[in-house]
Each structure stands twice: as C-alpha cells, then as structure tokens.
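Working notes, beginning with the structure itself.
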Amino acid sequence: MSETFRAILISRDEARNQSVDIVEMTPDQLMDGDVDVAVEATTVNYKDGLAITGKAPVVRHWPLVPGIDLAGTVITSSHPDWQAGDRVILNGWGVGETHHGAYAGRARLNGDWLVALPDRFTAMDAMAIGTAGYTAMLSVLALERAGMTPDRGPVVVTGAAGGVGSVAVALLSGLGWHVIASTGRTGEADWLRDLGAAEIIDRAELSEPGKPLAKERWAAGIDAVGSHTLANVLAATRYGGAVACCGLAQGMDLPASVAPFILRGVSLLGIDSVMAPKQRRVEAWSRLARDLDASRLRAITTEIGFEAIIDAAKEIVEGRIRGRVVVNMR
Ligand code: NDP
C-alpha cells in the first residue's frame, strides 16, 4: 500500500544515543499483526514519557513507534473477533515497548490484545481514561476482591493529581468512599475536591522514612508512588486493610517492614495492567463505563494534538501534567 501516515519514531545510534523524530511511514513498515486500526485517539502516560525521554528502559526494540494506548476503528482484520468498522481499545501488551505503538496514524496489532470500545465512550473518552484510568479501575477491583468496602473507613490515594491518582479519586468517591488524596500539588486542592476528594494531605507527610507501624488512618489505599510513600501508607493502614500497589513515581524501592502484614493483617495487592488477562480488561472497561462520572472525566482531561505529544511526554516525567492528557489524532 502506498498511503502514508505520520508517526513518532524513537531510534538509537551505535553509541546508544536516543533520538525522537516525527516521520512519515507506510503500512508495510508496521510489525506483524492480524488487525489494522486507524488510530483516532491516544494519550500520554508516565511510561510514554519515560520512553520518549529515554529516562528508563521502556523501549526494547529500535526503531520503535512509542505509545502504549490507543482507540480507533478497525480498517482490516483476519482475526475472528474483529471486522472492519469495529471500534476498539488497546492498552499495553508491550505495544509502545517492543511493538510499534499508538503514536502513528495506523497500528497493526494482535486481535487478542483488543477490547471493544464500550458504547458509552468515544475514542477520546477512552483515551482520557487510558492505561492510567484502566489501572486505577484494576486497583479498585483488586480492593473489592480483597473485601474492601466504603463502610470500613477512608481510602488514601497517592499521586492524586496524576493520571492514575485522579481517576482513582473520581472512581472511589463515586463508589461512596471517603477519599484522602495525597499530593505534592496542594494548589490543586480545589480541583481534587471537585473530583471527589474529601480530604487533601501533603505528600511530604508520607514521602520521608517513617516508623514500621503508625497510627491507623485508612482502611485501604491505592498507591501510584512506591518507595517510602508506600511504606508509610502500609504502616498507617487499619487492621485487616488492603493497599493496591500500582506505581513507582517516587521510586521502585519499598523500604518497609513486615509489621503491617504480620501485626495488622494488612494485604499488599500488586497491580499490572500490561499483561492483565483479557477477561480482567473487559471487566475493568465495563466497570469504567458504569462507574466513571462523565463530568469528572472531562474535569481531569486536557486535549492536545499529535505535534504536542513529545513536549507532553517531557512534562509528565517532570510531574507537570495534571490529570490526563488525551491526544486527538484526527
Ligand atoms: P503521572 O505522572 O500522571 O502521576 C504520578 C504522580 O505521582 C504525580 O502526578 C505526582 O502526584 C506523584 N509523584 C511524582 N513524583 C513523585 C515523587 N518523587 N514523590 C512522590 N510523589 C510523586 O503518572 P501516571 O498516573 O500515569 O502513573 C503513575 C505511576 O503508575 C507511574 O509510576 C506509572 O509508571 C505507574 N503505572 C503503572 C501501571 C501498572 O500497570 N502497574 C499502569 C500505569 C501506570 P502529585 O502531583 O499529586 O503529588
């Protein structure tokens, strides 16, 4: 096929220096897959920021089109589940890491990776949610599976002004939880209250080394931050509570003790969105369609165009993006 489309391409030279360019590609340059999708919307996640800035080894195949999330319409398919015209979402599965990703007009994917776009959402809505929001929902589902309900006490959300955190705040408050939002951007307190946070705490309260056990403050938590923050969240979790661990914005380390687990029966729940089985993805997207208030989704979303992706990727790594960025690819 001779038609071309725009793409962002990450390359590296023999000295392993990375460069990022906007290029024109043709469909025959795409990798193997049984479904071609016209990309209508994508987003900029923290991981995309790491890929584009090269700050962490997210990209493991060169050259590569980054972008871990997309929504669009099937152009051609030889996969039994999909046909031309179907509206689909892709989150993860190594796309934008080892397989050409979302920052292109067209993507060629394995049909097993795709989830049907719920009727309630446009492609732009789905990408306003993106992997960040879908991970927030996976975290909520994990807390529910662990028996956590709003009547047990408050829930803390760390990295609350970020993508995962802001969707988690909106979802949990909509489900009736008393949400304590931990943020370094206390100037965003009103915005977080509008999203549904009942209390705001300064992330500095949690980000320094703390005691193995602290005063019990919350029944549950969703932590996008890791390191001392997660250790302190665990130390202040009530007896029998549970914390979903989904991110590492402060660090990959976990300088904690076993005290919360063996003295308070606290559970630590690991959340992975990338290789999550299809059934769990379908469940998460259908719960997002049911539980996420549309006005709150709009409140957390900033829309940009294709040309602004590279700058947004740098900003997210510097912690300067509030909520979610959605990219209109049309
Ligand atoms: P964002 O950059 O949008 O949000 C991260 C937030 O963490 C920031 O907004 C900030 O919140 C807080 N933060 C940043 N740096 C620090 C620091 N040094 N100390 C304490 N808090 C900090 O990223 P996302 O929401 O997209 O992703 C959040 C994390 O979740 C990332 O680590 C990402 O890699 C991970 N992730 C994991 C997934 C999985 O499958 N497990 C899927 C998606 C994301 P504030 O300004 O409110 O303080």
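Worth a mention:
- Any hit, segment 86-97, residues being in contact with a Pro (Cβ under 7 Å, 6 or more places away or on another chain) and not assigned by TED's automatic domain parsing to the domain that holds THR158: yes
- Residue match in segment 39-49 (condition: surrounded by fewer than 21 Cβ atoms within 10 Å (Cβ to Cβ) and either at pLDDT 95 or above or in the same structural domain as VAL167 (by TED's automatic domain parsing) (or both)): no
Here's the yes/no breakdown for (1) at pLDDT 95 or above; (2) within 16 Å of the ligand (Cβ to nearest atom); (3) more than 27 Å from LEU292 (Cβ to Cβ); (4) hydrophobic (A, V, I, L, M, F, W, C):
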| position | (1), (2), (3), (4) |
| --- | --- |
| VAL65 | yes, no, yes, yes |
| SER77 | yes, no, yes, no |
| PRO80 | yes, no, yes, no |
| GLN83 | yes, no, yes, no |
| VAL88 | yes, no, no, yes |
| HIS100 | yes, no, yes, no |
| ALA123 | yes, no, no, yes |
| ALA126 | yes, yes, no, yes |
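- Condition check for ALA256: more than 23 Å from the chain's Cα centre (by Cα) and either closer than 30 Å to ALA294 by Cβ or more than 10 Å from the ligand (Cβ to nearest atom) (or both): yes
- Entirely in segment 139-210, the helices (runs of 4 or more DSSP H) that have 1 or more residues that are within 13 Å of the ligand (Cβ to nearest atom) and in contact with a His (Cβ under 8 Å, 6 or more places away or on another chain): 204-207
- Among the residues listed as PRO66, PRO118, the single one being in a loop (DSSP other than H, G, I, E, B), closer than 18 Å to VAL167 by Cα and in contact with a strand residue (DSSP E or B) (Cβ under 9 Å, 6 or more places away or on another chain): PRO118
- Contacts under 7 angstrom Cβ, first residue in segment 171-200 being in contact (Cβ under 8 Å) with a residue 60 or more places away in the chain and surrounded by 17 or more Cβ atoms within 10 Å (Cβ to Cβ), partner in a helix (DSSP H, G or I) and among the β-branched types (Val, Ile, Thr), 6 or more apart: LEU171/VAL140; LEU195/VAL169; GLY196/VAL169
- Among the residues of segment 18-63, the one identified as over 23 Å from SER273 (Cα atoms), acidic (Asp, Glu) and either out of contact with any strand residue (DSSP E or B) (no Cβ under 7 Å at 6 or more places or on another chain) or part of a loop (DSSP other than H, G, I, E, B) (or both) is ASP28.
- Top-ranked residue in segment 1-27 [being in contact (Cβ under 8 Å) with a residue 40 or more places away in the chain and of a type in the set (Gly, Ala, Ser); ranked as nearest to GLY54 (Cα to Cα)]: SER11
- Residue that is surrounded by the most Cβ atoms within 10 Å (Cβ to Cβ) [pool: residues in segment 71-97 that are within 18 Å of the chain's Cα centre (by Cα) and assigned to a loop (DSSP other than H, G, I, E, B)]: GLY96
- Among the residues of segment 53-70, those identified as within 19 Å of the chain's Cα centre (by Cα) and not charged (D, E, K, R) are THR53, GLY54, ALA56, PRO57, VAL58, VAL59, VAL65, PRO66, GLY67, ILE68, LEU70.
The values are calculated or read from the model by the stated rules, or taken from the named source; none is laboratory data. Remember, predicted model here, so these are calculated numbers, not experimental data. A quick note on method: Cβ atoms are made from the backbone with ideal geometry, for glycine too, and the neighbour counts reach across all protein chains shown.
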